[in-house]
Amino acid sequence: MNYRIVADSSSNVFELPGADYAHVPLKIINQGVEYVDVPGLDVFGMLDAMKASREGSSTSCPNAFEWQEAFGDADGVFAVTITSNLSGSCAAARAAADAYMEEHPDRRVSVIDTLSVGPEAHLVLEKLAELMAKGLSFDEIDTQVRAYLKTTRLCFSLESIENLARNGRCSMAVAKLVGVMGIRIVGRASDEGTLQQLHKCRGEKKALAAVFDEMKSRGYCGGKVWIDHCLNLNAAMALKDIICHEFPNSSVKIGTCMGLCSYYAEHGGLLIGYEGA
């Protein structure tokens, strides 16, 4: 059986070494301009245009046809999506899976709702590639990756939450307060796949300390970590140093937020996916 992994662009992953991999883009719309979340997107320009805009912005997910096209002609497909509580991408992937298997009754598609976004999805994608390399069956891979997903976590530190407020994810009053007072919002993805605010921290140093405390409280003890930053490499490196100081044998990698994640994380934001318990 030949396998393919497909993810929407909320994973921030456009290449997955060692695996047959494809991605489908989400889109961000601002003042009639559509920003397609693909390699080469000018994230800084997109964020700058949004900051200057007084109009609301929105996002749109890949449709079922785009998902099905990305499945190619693989016998076994694993489709990894952003949390179904933030986007319709998962529903579209499931519709595509049903159509694909109806057209090809001998093929299999597993749709994995990460209940998360960004770097936690990256961990899941890497686990899928690892399991496939072992020559496991479709059902074995599906069972093991879903068990792995129960151990992974996501937390975040945000310098701005204006776009979240504009999309009804938090109050505009809180968003304005964060912007004026230099407060960082530290939170996590809940078990239901929603964004949960935990702390309001004044200054980056306190925010990073709160992030690390949150990681340890959720079972982190030196496993894999992906830190995706939105135009804030220094903070990502500082957090990596904090983690590696206490857990010298940990595997901590730094990536960048692409279009969709940058839309929500905004300038200065960090998204952290990690192995917990």
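The values are calculated or read from the model by the stated rules, or taken from the named source; none is laboratory data. Since the structure is predicted, the reported quantities are computational estimates derived from the model, not experimental observations. Every residue, glycine as well, gets a Cβ built from its backbone with ideal geometry; the counts of neighbours run over all protein chains shown.
Some points to look at:
- Taken over the range 209-251, the residue count meeting the criterion of being under 15 Å from residue 156 (Cα atoms), among the hydrophobic types (A, V, I, L, M, F, W, C) and without any contact (Cβ under 8 Å) to a residue 24 or more places away in the chain is 2.
- Residue check, residue 60 closer than 22 Å to residue 263 by Cα and surrounded by fewer than 14 Cβ atoms within 10 Å (Cβ to Cβ): no
- Scanning the range 52-65 for residues that are in contact with a helix residue (DSSP H, G or I) (Cβ under 8 Å, 6 or more places away or on another chain), not in a strand (DSSP E or B) and not aromatic (Phe, Trp, Tyr) turns up 56, 61, 62, 63, 64.
- Considering only residues in the range 174-187 that are part of a strand (DSSP E or B) and aliphatic (A, V, I, L, M), the one that is modelled with the highest pLDDT turns out to be 186.
- Residue list for the range 75-104, filter: of a type outside the set (Gly, Ala, Ser), out of contact with any Leu (no Cβ under 9 Å at 6 or more places or on another chain) and not in a helix (DSSP H, G or I): 75, 77, 81, 104
- Residue under evaluation residue 276, criteria (1) within 29 Å of residue 166 (Cα to Cα); (2) under 18 Å from the mean Cα position of the chain (by Cα); (3) not basic (Lys, Arg), criterion not met: (1)
- Listing of strands (runs of 3 or more DSSP E) fully contained in the range 188-277 that carry 1 or more residues being touching a Ser or Thr at 6+ places or on another chain (Cβ under 8 Å) and more than 29 Å from residue 58 (Cα to Cα): 224-229, 270-275
- Residue list for the range 1-21, filter: among the acidic types (Asp, Glu) and crowded, with 20+ Cβ neighbours inside 10 Å: 8
- Tally of residues being more than 20 Å from residue 192 (Cβ to Cβ), under 17 Å from the mean Cα position of the chain (by Cα) and not assigned by TED's automatic domain parsing to the domain that holds residue 21 across the range 114-166: 2
- Single unsatisfied condition, residue 51 versus (1) under 15 Å from the mean Cα position of the chain (by Cα); (2) modelled with pLDDT under 95: (1)
- Some residue of the range 105-116 being at pLDDT 95 or above, touching a Leu at 6+ places or on another chain (Cβ under 7 Å) and under 19 Å from residue 229 (Cα atoms): yes
- Per-region count, the range 107-121, residues in contact with a helix residue (DSSP H, G or I) (Cβ under 6 Å, 6 or more places away or on another chain) and not in a loop (DSSP other than H, G, I, E, B): 6
Residues checked against (1) assigned by TED's automatic domain parsing to the domain that holds residue 9; (2) closer than 25 Å to residue 192 by Cβ; (3) touching a Ser or Thr at 6+ places or on another chain (Cβ under 6 Å):
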site: 53; (1), (2), (3): no, no, no
site: 56; (1), (2), (3): no, no, no
site: 66; (1), (2), (3): yes, no, no
site: 70; (1), (2), (3): yes, no, no
site: 78; (1), (2), (3): yes, yes, yes
